[in-house]
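K.L.:
My questions will all concern the structure given below.
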Number of protein chains: 2
Amino acid sequence: MSKTMESPIRNGVDTATLFATLDAVKGNPEIAKFQFRATNKWISGTHNQSTIHGFYGAMQEMQHVSAHVFDADHPGVLVGNDHGPTPAEYVLHALAACLTAGIANIAAARNVKLTEVESTVEGDIDLLGILGIGNGVRNGYQQIKVSFKLKGDDPEKLRKVVEQSTARSAVYDIVTNGVPVNIEVEAG
Amino acid sequence: MSKTMESPIRNGVDTATLFATLDAVKGNPEIAKFQFRATNKWISGTHNQSTIHGFYGAMQEMQHVSAHVFDADHPGVLVGNDHGPTPAEYVLHALAACLTAGIANIAAARNVKLTEVESTVEGDIDLLGILGIGNGVRNGYQQIKVSFKLKGDDPEKLRKVVEQSTARSAVYDIVTNGVPVNIEVEAG
């Protein structure tokens with residue numbers, strides 16, 4: 001507690017609130033049950049648009065400060081009109097973003113100084129899969145590589161922070177281990 | 001071929017180009033090898049920003065018409081500043097977008113009329129996992145539910161289109177089956 005009183009904001013993370021949140025969840029695990037949501041609307045061809053606004057968490061319906069709208073499309077080479085990134089590229093963004101947020105939080109909690117975090121994510125995909133003409137070629141990425149560049153504290157401490165962020169990342173878990181997906185259709 | 005000559009644009013999909021692309025890939029599978037990328041930069045706390053622009057495909061370096069920049073953050077309730085959706089919400093968007101693009105393409109290829117495609121994606125997550133205080137609670141979504149509403153052609157035809165889109169979706173494959181992820185760190 002003395003450390004957080006000295007300097008509760010580290011790397012832009014309010015560690016006092018972070019630790020208070022952890023304590024609150026330990027006191028009532030029910031507040032940790034969240035449901036995130038997106039709604040999507042087809043526009044034309046491979047162009048469609050998602051809105052992210054409301055979610056459930058801390059035992060109540062909540063909303064982001066504003067509704068966020070994202071366009072997805074295929075580029076011309078994939079018979080789209082390039083009104084936005086491909087859906088598969090958004091997954092790479094999500095992975096980088098989740099690991100990076102975790103790095104900031106964990107570094108702050110451990111009092112590790114962070115001045116720079118940059119990453120490049122590369123996903124290799126053979127489109128024979130989604131085109132339905134590849135014998136046993138999967139539809140999704142065959143592999144994903146994330147390259148981080150960190151500056152700030154001692155390199156070994158920074159590496160350990162990345163390790164811990166990976167061990168606690170929601171999107172890393174989703175992307176590496178998979179999630180059961182249930183699809184319902186109302187047609188007519 | 002006669003069908004596509006009669007009406008090559010269906011549901012906003014240029015089916016003539018779609019079939020020509022399939023033929024081109026059958027002639028040279030090398031052009032189907034793609035690499036998608038995102039770069040990410042930490043800003044402060046859980047706020048970070050990704051840029052999606054260049055990719056490799058069709059045997060060359062390519063670029064989207066413009067660079068797309070996306071902010072990710074945690075909401076206040078999760079000790080962030082809500083400068084954007086959470087990384088995990090972007091995954092839901094990616095899933096809806098991929099299935100919807102596939103629905104449009106497959107409906108066009110099958111000459112199935114589509115007038116409306118809407119979806120809601122819900123992902124249940126217990127944050128005890130990422131907070132590191134849940135015994136055996138996973139970090140990522142425990143389950144994801146996608147609810148589609150389609151209008152246009154015969155309901156049974158529409159359902160079959162969704163089935164085929166699911167069977168050929170890159171993001172559905174990534175999210176349900178997982179992908180090997182390799183993380184490299186340059187620190188100091």
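K.L.:
Name the pairs: first residue in segment B:15-32 and within 7 Å of another protein chain (Cβ to nearest Cβ), second residue of a type in the set (Gly, Ala, Ser), Cβ to Cβ under 8 Å, at least 6 apart or on different chains?
P.N.:
Partner pairs satisfying both residue conditions: B:LEU18/B:ALA108; B:LEU18/B:ALA109; B:VAL25/B:ALA32; B:PRO29/A:GLY134; B:ALA32/A:GLY134.
K.L.:
Then there is this: Within segment B:31-75, can you find the residues that are assigned to a strand (DSSP E or B) and either in contact with a Lys or Arg (Cβ under 7 Å, 6 or more places away or on another chain) or among the small types (Gly, Ala, Ser) (or both)?
P.N.:
B:ALA38, B:SER44, B:ASN48, B:GLN49, B:SER50, B:GLY54, B:PHE55, B:GLY57, B:SER66, B:ALA67, B:ALA72
K.L.:
Now a separate question. Would you mind telling me which numbered condition in (1) open to solvent by 30 Å² or more (accessible area, probe 1.4 Å); (2) within 21 Å of the chain's Cα centre (by Cα); (3) more than 7 Å from every other protein chain (Cβ to nearest Cβ) A:ASP73 fails?
P.N.:
(1)
K.L.:
Residue under question is A:THR39, and the condition is that it be out of contact with any Phe, Trp or Tyr (no Cβ under 8 Å at 6 or more places or on another chain), open to solvent by 50 Å² or more (accessible area, probe 1.4 Å) and at the interface with chain B (Cβ under 8 Å from one of its Cβ atoms); does it hold? Before the answer, list the steps.
P.N.:
Details: out of contact with any Phe, Trp or Tyr (no Cβ under 8 Å at 6 or more places or on another chain): yes; open to solvent by 50 Å² or more (accessible area, probe 1.4 Å): yes; at the interface with chain B (Cβ under 8 Å from one of its Cβ atoms): yes.
It is true that A:THR39 is out of contact with any Phe, Trp or Tyr (no Cβ under 8 Å at 6 or more places or on another chain), open to solvent by 50 Å² or more (accessible area, probe 1.4 Å) and at the interface with chain B (Cβ under 8 Å from one of its Cβ atoms).
K.L.:
Looking only at segment A:165-185, decide whether some residue is modelled with pLDDT under 95, closer than 21 Å to B:ALA107 by Cα and either buried (at least 18 other Cβ atoms within 10 Å of the Cβ) or polar (S, T, N, Q) (or both).
P.N.:
no
K.L.:
Would you be able to tell me the number of residues in segment A:111-133 that are open to solvent by 20 Å² or more (accessible area, probe 1.4 Å) and either closer than 27 Å to B:PRO29 by Cβ or of a type in the set (S, T, N, Q) (or both)?
P.N.:
Summing the residues that are open to solvent by 20 Å² or more (accessible area, probe 1.4 Å) and either closer than 27 Å to B:PRO29 by Cβ or of a type in the set (S, T, N, Q) (or both) in segment A:111-133 gives 10.
K.L.:
Residues in segment A:48-67: is at least one open to solvent by less than 30 Å² (accessible area, probe 1.4 Å), facing chain B (nearest Cβ under 7 Å), within 21 Å of A:THR176 (Cα to Cα) and not polar (S, T, N, Q)?
P.N.:
Checked segment A:48-67: no residue is open to solvent by less than 30 Å² (accessible area, probe 1.4 Å), facing chain B (nearest Cβ under 7 Å), within 21 Å of A:THR176 (Cα to Cα) and not polar (S, T, N, Q).
K.L.:
What strands (runs of 3 or more DSSP E) lie completely within segment A:84-188 and have 1 or more residues being more than 7 Å from chain B (Cβ to nearest Cβ)?
P.N.:
Answer list for segment A:84-188: A:114-126, A:143-152.
The values are calculated or read from the model by the stated rules, or taken from the named source; none is laboratory data. Since we're looking at a predicted model, the values are computed, not measured. Methodologically, a virtual Cβ is constructed for each residue, glycine included, from the backbone with ideal geometry; neighbour enumeration extends over all protein chains shown. Just so you know, the surface numbers come from the protein's heavy atoms only, side chains and all, with ligands and any DNA or RNA stripped out. Shrake-Rupley method; radii C 1.70, N 1.55, O 1.52, S 1.80 Å.
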